[in-house]
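A quick write-up on the structure given underneath.
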Amino acid sequence: MPDTPITAEIARGVAPLPAAEWDACNPSGNPFLSHAFLSAMEDSGSVGPGSGWSPAPVVIRDANGKIAAALPSYLKSHSQGEYVFDQSWAHAFESAGGRYYPKLQIAAPFSPVPGPRLLLRDDVLAAPLLSAAETLAVQNGLSSAHATFVAPDQIALFGDAGWLIRTDSQFHWKNRDYGSFDDFLGALSSRKRKNIRKERAAAQSAVRIERFSGAHISTEYWDAFWQFYQDTGARKWGTPYLTRSAFDLLGQRMGDAVVLVLAFDGDMAIAGALNLLGPDTIYGRYWGALTDVPFLHFELCYYQAIDIAIERGLATVEAGAQGSHKLARGYEPTATWSAHFIADEGFRDAVHDFLEREREAVAQEIEFLNDMGPFRKGG
């Protein structure tokens, strides 16, 4: 295929594209890049008109007209729902007389989940795909293009193309072949081990906890979780990103990849955490509660996810962005990356200088946090 002319096109969205062709470009199996997830975001109205996220997936087709490479990309009129913060860049550029929005965002919407951002059946199409993103930005007068939470094995592809690389960190739990939760606790210092046992006992004594997947997630449970999600969203962001129908579609289209953990007081669900399963990772995404129960957040979001990872033999738990409180609960600081194409040369130089300083600070923070971790020294 590289010996023939390559043409990229912008589709109206992921939903109209053939699911099998799209997913064939995502061999990692990352659920947040799947046709099911991305089409659910579109069909539910979570992205699209009025959301500030306008689907603009870039695709390259093979000689038979099938998708050979794709970018999950969006035209953005704001910087919400990205978890890699560039509002200060927008303010600086606009203060200098520029127009930062709209911009091109290559991402899984509302999901701070590392994964491939270049969806490829053939690696040689990486460069043409990035060139297409740059051309889309320049020809349409966009200030920039941003690929957030890029998988570690793809970040060099962006760097080789001249995109600026930004480093940040999250807290991930790593399964070191633990046979049980107690095996994991055995790797921690005595004080941390006791604290976690105390937290779990307090939460589990106050509520009944159950897990549901696929068809076992009833409309009643989704209705309850929608209340939890709205409460958390209103407190953190002002307006929740996902619509109510998004959860129905995730349950219908992703089946057993969805794990909903609910806490009950009697017959009433009072709190819940939503997870998605990948081939080797469980991803904690949303949580909420109607009642303040001590340590229930830690139990539903962190410890239950660890239990599931150990039971299923998964390598990693990714519990979302930020949250240094995860460190004491066995989640370790892990580098994440994003890549940025800046069309204006002067602005690009300023961002480059900022990223150089930021990168050093992030590396120092990760080193410091690793030294402060809860694991037994030399264990």
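The values are calculated or read from the model by the stated rules, or taken from the named source; none is laboratory data. Keep in mind it's a predicted model, so treat the numbers as computed, not measured. Using ideal geometry, Cβ is built from the backbone for each residue, glycine included, and neighbour counts are taken over all protein chains shown. Note: areas computed on protein heavy atoms with side chains; ligands, DNA, RNA excluded. Shrake-Rupley method; radii C 1.70, N 1.55, O 1.52, S 1.80 Å.
A Cβ distance below 9 Å, combined with a sequence gap of six or more or placement on separate chains, defines the contacts here; from the stretch 359-370, residues that are in contact (Cβ under 8 Å) with a residue 24 or more places away in the chain reach residues that are part of a helix (DSSP H, G or I) and open to solvent by 50 Å² or more (accessible area, probe 1.4 Å) in the pairs LEU369/SER324.
For first residues located in the stretch 266-280 and on the phi > 0 side of the Ramachandran plot, partners that are surrounded by fewer than 24 Cβ atoms within 10 Å (Cβ to Cβ) and modelled with pLDDT of 95 or more and lie 6+ apart or on another chain with Cβ distances below 9 Å form the pairs GLY266/ARG208. On the basis of being open to solvent by less than 40 Å² (accessible area, probe 1.4 Å) and either within 17 Å of the chain's Cα centre (by Cα) or polar (S, T, N, Q) (or both), does ILE282 make the cut? Yes, satisfied. When ASP292 is tested against the conditions (1) open to solvent by 10 Å² or more (accessible area, probe 1.4 Å); (2) assigned to a helix (DSSP H, G or I), the lone failure is (2). Note on the stretch 306-327: among residues that are at pLDDT 95 or above and small (Gly, Ala, Ser), the one that is farthest from GLY81 (Cα to Cα) is GLY313. The single condition among (1) in contact with a helix residue (DSSP H, G or I) (Cβ under 7 Å, 6 or more places away or on another chain); (2) farther than 23 Å from PRO294 by Cβ; (3) in a helix (DSSP H, G or I); (4) not hydrophobic (A, V, I, L, M, F, W, C) that ASP223 does not meet is (1).
Within the stretch 107-126, does at least one residue satisfy the condition of being out of contact with any Asp or Glu (no Cβ under 9 Å at 6 or more places or on another chain), without any contact (Cβ under 8 Å) to a residue 60 or more places away in the chain, under 22 Å from GLU345 (Cα atoms) and not basic (Lys, Arg)? There is no residue in the stretch 107-126 that is out of contact with any Asp or Glu (no Cβ under 9 Å at 6 or more places or on another chain), without any contact (Cβ under 8 Å) to a residue 60 or more places away in the chain, under 22 Å from GLU345 (Cα atoms) and not basic (Lys, Arg). Meeting the requirement of 1 or more residues that are open to solvent by less than 40 Å² (accessible area, probe 1.4 Å) and in contact with a His (Cβ under 7 Å, 6 or more places away or on another chain), the strands (runs of 3 or more DSSP E) wholly within the stretch 124-219 are 144-147, 164-174. What number of residues within the stretch 338-370 satisfy the criterion of being open to solvent by 30 Å² or more (accessible area, probe 1.4 Å) and outside any helix (DSSP H, G or I)? Total satisfying the criteria: 3.
Is it true that some residue in the stretch 267-274 is within 16 Å of PHE225 (Cα to Cα) and surrounded by fewer than 17 Cβ atoms within 10 Å (Cβ to Cβ)?
Checking the stretch 267-274: at least one residue is within 16 Å of PHE225 (Cα to Cα) and surrounded by fewer than 17 Cβ atoms within 10 Å (Cβ to Cβ).
Among all positions in the stretch 237-256, there is at least one residue which is open to solvent by less than 40 Å² (accessible area, probe 1.4 Å), without any contact (Cβ under 8 Å) to a residue 24 or more places away in the chain, closer than 17 Å to TRP287 by Cβ and out of contact with any His (no Cβ under 9 Å at 6 or more places or on another chain). Scanning the stretch 319-337 for residues that are on the phi < 0 side of the Ramachandran plot and open to solvent by less than 50 Å² (accessible area, probe 1.4 Å) yields ALA319, ALA321, LYS326, LEU327, ALA328, ARG329, TYR331, GLU332, PRO333, THR334, ALA335, THR336. Among the residues of the stretch 252-263, those that are over 18 Å from CYS301 (Cα atoms) and at pLDDT 95 or above comprise GLN252, ARG253, MET254.
Take the conditions (1) at pLDDT 95 or above; (2) part of a helix (DSSP H, G or I); (3) within 30 Å of ASP182 (Cβ to Cβ); ALA335 misses just one of them, which is (2). Suppose we keep only residues that are more than 21 Å from the chain's Cα centre (by Cα) and not in a helix (DSSP H, G or I) within the stretch 113-123. Which one would you say is farthest from ALA319 (Cα to Cα)? My answer is ASP122.
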